[in-house]
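Following: one structure in structure tokens, then a few remarks.
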Amino acid sequence: MWQFFHKLGSPKWFFGIATRFMPWLLAIGIILLLAGLVWGLAFAPKDYLQGNSYRIIFIHVPTAFLAQSIYIMMASAAIVTLVWRMKLADVFVKAVAPVGLVFTFLSLFTGAVWGKPTWGTWWVWDARLTSMLILLFLYGGTIALDRAINDEKSAARAVAVLVLVGVVNIPIIKYSVEWWNTLHQPATFKLTEKPSMPVEMWVPLLLSVLGLYLLFGWLACLRMKTEIVMREQKTRWVRELVMAGRG
Amino acid sequence: MAFDSFSAFIAMEGHGPYVWACYSVFAVLLVGLMIWSSRHHQAVMASCKRRYQQQESSTSARPKQAATFARVEVSQE
Amino acid sequence: MNADRRPALKPVSESVGPIAAMAAVFARDVRVAFRQRQDLLNPLLFFIMVVTLFPLGVSPEVAFLKQSGAGILWVAALLSVLLSLDHLFRHDFDDGTLEQLVLQPQPLFLLVLAKTAAHWVLTGLPLVLLAPVLGVMVHLDGNSIAILCLTLLIGTPVLSMIGAIGAALTLGLRSAGVLLSLLIIPLYIPVLIFGTGTVAAAAEGAPVGGYLALMGAFLVLAVTLSPFASAAALRISLSNS
Amino acid sequence: MSEPLLQAIDLECERDERLLFQNLSFSILPGTVTRVEGPNGTGKTTLLRILAGLNDAWSGQLLWCGEPRARQRESFLRNTLYIGHRPGIKPLLTPVENLKALMAGRREVSDEVLVQALAGTGLAGFENVPCRNLSAGQQRRVALARLLIADEPLWLLDEVFTAIDADGVRAIESLLQQRAAEGGAVLVTTHHELQLPGMKRITLGAGGVHEC
């Protein structure tokens, strides 16, 4: 177990594994995502309440889901960074934060555009959208802090502390935003909450969530590899790898 | 197929602009992020390679110069 | 060699206890602050000025002010706490007292807790005391003012506690002030929501005991957890300097 | 009798992509003065900050009284006195208040002792003047007054002689020597030529900057 853990922390081992898995992640990810989206766009039945605008769900929900789970993953990696000082963990936090930011932005953007035909306005201070907006701020903060600290190791540890503080706050933020929402806007109808979703709707949704997850895996591997090469330039194995043109 | 024709598919009963705007922004950002990340990776690899090659060509490190605090002559024109 | 004078290892148990060490840290910060009273006044003036901007910039109508007064006061208090946070560790960092603080044979999180408590007494508490005056100026009624002060009393220590984490993380960085705000404002949102929401609920005649208890829970959570995060962040920032 | 207080094994530190030192091993024994030497930028201050426990960016082993330092942090901190080149003097407080605050977490010291210590550094009569009204050298002396009352067996002093006049330097030299004779351990970085018999040396950056 400990040996496995140690191996998992070795950048060299990760580099090899990532290079081997990345084509599969990319291929299966693209296939699943395209299948889910085409199905959702063209074949799924239209929603009896919202009409065709609901088709935005097939990208809104996956991006929102990814945005939240990326933050949770970052927090788990942050614990590993702080407790075990594992190199790969802070590489992960740094590599993945901008991806999380982009996905959060996408879920906000799609949510806002969806709001126009549904509520007749681009932006509603709805609980979900507001929470996502705050999540966007949290991502922005981690990236800004990371950029501001020159020393890589200190930056990684400082960001880890910030992400942990953030993840403790996320449930509190969510709860308080929902309470605030009921205080100011009693009973608006929610974008994604359906009493029951027919199979023709949730299967493509599931496909696109899975596809996007795999593509995120590909992105994370790629960006981690870049980060590893930058950090481990002085080691022999990176030198051999770069000179051989692999990776 | 939930639509009768291709033009109905594009129009989506008036919701087309919203749906297609979302999907296109999504596609542009996702593909852009993927391309940018892989370009960046290749650029980092290339710059590392250049640095290694430079190091190999100048194997003998320059001897360290002692500080003299000599004034630098600047021609006054 | 005189064997008697040989410096022996001092057991930790014989050094000063953590409570006395915390008291010393607290007393020094308060003393330094009172030697430079202008710095104490600045957040208060800022608080008053921000509140003044709303009647001037939005509307002086009584109805508007009555409705938004609590929110205005809360936002202004939040901003002025934010403004003062930059100094929390900066002077100590610049003159080296922070290094000596970290090297004290005491649990660092307790010392950080003492420093943060001093920060609240010097900035948060005066804001709470000033709030009734400004509450009258924005036409809040007596009950609302009382609830507002109560929420500020519970809420401003939370602001100081969370803010200390940000101040420790951004210590020694360029443009630390702006960065600090970016990191901390999202974390302030729950306190702001419950602070103003409680006043709004009270104005509608709803019972507010539960909300106040919830804010108290925030305070307990902040006091128990944030000193650890601040202490860890301080170590990281000092290690980097 | 001469078990090392602090022992460094294979210390390595990299800072801003630059290897400062590597495979650095030494022991600090009671009753010795050790000088850390090296040109500017070779990591003297960094080494002292690592030894003091301020800098975490190192690898290798540090033993305090034969055991890993991380496991007995409080004992290490209680028995080590570090004075950095930012000496921890608040300009708004008086010398007595400053010293009191600096000693507060360690042990209680009466005001008379502090006044005596200040007099010993040549600051008699300045006890109650805010430090911002003192010169740089005088402020430095306030910090160094701790050396006159310190009971910590290990002293880590970074650039102690900065801004101190010639007489002061001589007096501090003899203080360090006396301390070593009593059995204390002192580690200093300085650019002054120290005239101490039996002084040990740790030389950093030998053969220029380490290049990797």
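Structure summary
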| quantity | calculated |
| --- | --- |
| Unmet criterion (only one of (1) buried (at least 24 other Cβ atoms within 10 Å of the Cβ); (2) at pLDDT below 95; (3) in a helix (DSSP H, G or I)) for C:GLN106 | (3) |
| Some residue of the range D:85-98 being within 19 Å of C:GLY96 (Cα to Cα), touching a Leu at 6+ places or on another chain (Cβ under 8 Å) and more than 7 Å from chain C (Cβ to nearest Cβ) | yes |
| From the options D:PRO91, D:PRO39, residue that is in contact (Cβ under 8 Å) with a residue 40 or more places away in the chain and more than 24 Å from D:GLN22 (Cα to Cα) | D:PRO91 |
| Residues located in the range C:44-67, provided they are more than 23 Å from C:HIS119 (Cα to Cα) and in contact (Cβ under 8 Å) with a residue 40 or more places away in the chain | C:PHE54, C:PRO55, C:VAL62, C:LEU65, C:LYS66 |
| Only listed residue being within 13 Å of the chain's Cα centre (by Cα) and small (Gly, Ala, Ser), chosen from D:GLY41, D:GLY53 | D:GLY53 |
| Candidates C:ALA232, C:ALA222, C:ALA217, C:ALA203 - the one that is closer than 25 Å to C:VAL75 by Cβ and touching a Lys or Arg at 6+ places or on another chain (Cβ under 9 Å) | C:ALA203 |
| Residue selected from the range C:223-240 under the condition more than 7 Å from every other protein chain (Cβ to nearest Cβ) and β-branched (Val, Ile, Thr), by the criterion farthest from the chain's Cα centre (by Cα) | C:THR224 |
| Restricting the range C:192-205 to residues that are within 10 Å of another protein chain (Cβ to nearest Cβ) and small (Gly, Ala, Ser), the residue that is surrounded by the most Cβ atoms within 10 Å (Cβ to Cβ) | C:GLY197 |
| Residue in the range D:32-50 that is within 11 Å of chain C (Cβ to nearest Cβ), closer than 22 Å to A:ARG157 by Cβ and assigned to a strand (DSSP E or B) present | no |
| Meets criteria (out of contact with any Gly (no Cβ under 8 Å at 6 or more places or on another chain) and either within 11 Å of another protein chain (Cβ to nearest Cβ) or outside any helix (DSSP H, G or I) (or both)) for A:LYS94 | no |
| Considering residues of the range A:35-71 that are under 19 Å from the mean Cα position of the chain (by Cα) and within 19 Å of B:MET12 (Cα to Cα) only, the residue surrounded by the fewest Cβ atoms within 10 Å (Cβ to Cβ) | A:LEU37 |
| Set D:LEU24, D:LEU62, D:LEU81: member being of a type outside the set (S, T, N, Q), closer than 24 Å to C:ALA21 by Cβ and part of a strand (DSSP E or B) | D:LEU81 |
| Checklist (1) at pLDDT 80 or above; (2) over 30 Å from A:GLY100 (Cα atoms); (3) within 14 Å of chain D (Cβ to nearest Cβ) applied to B:CYS48, failing item | (2) |
| Unique match (being within 25 Å of C:VAL12 (Cβ to Cβ) and either outside the structural domain of D:GLN139 (by TED's automatic domain parsing) or touching a Leu at 6+ places or on another chain (Cβ under 8 Å) (or both)) among D:LEU102, D:LEU47, D:LEU118, D:LEU77 | D:LEU77 |
| Residue within the range D:186-198 that is on the phi < 0 side of the Ramachandran plot and within 14 Å of chain B (Cβ to nearest Cβ) present | yes |
| The lone exception for D:ILE164 - which of (1) among the aliphatic types (A, V, I, L, M); (2) at pLDDT below 90; (3) assigned by TED's automatic domain parsing to the domain that holds D:LEU99 it fails | (3) |
| Residue ID - nearest to the other protein chains (Cβ to nearest Cβ), chosen from residues in the range C:77-92 that are buried (at least 22 other Cβ atoms within 10 Å of the Cβ) and either without any contact (Cβ under 8 Å) to a residue 24 or more places away in the chain or not polar (S, T, N, Q) (or both) | C:ASP92 |
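The values are calculated or read from the model by the stated rules, or taken from the named source; none is laboratory data. Computed from a predicted structure; not experimentally measured. Glycine also receives a Cβ, built like all others from the backbone with ideal geometry; neighbour counts cover every protein chain displayed.
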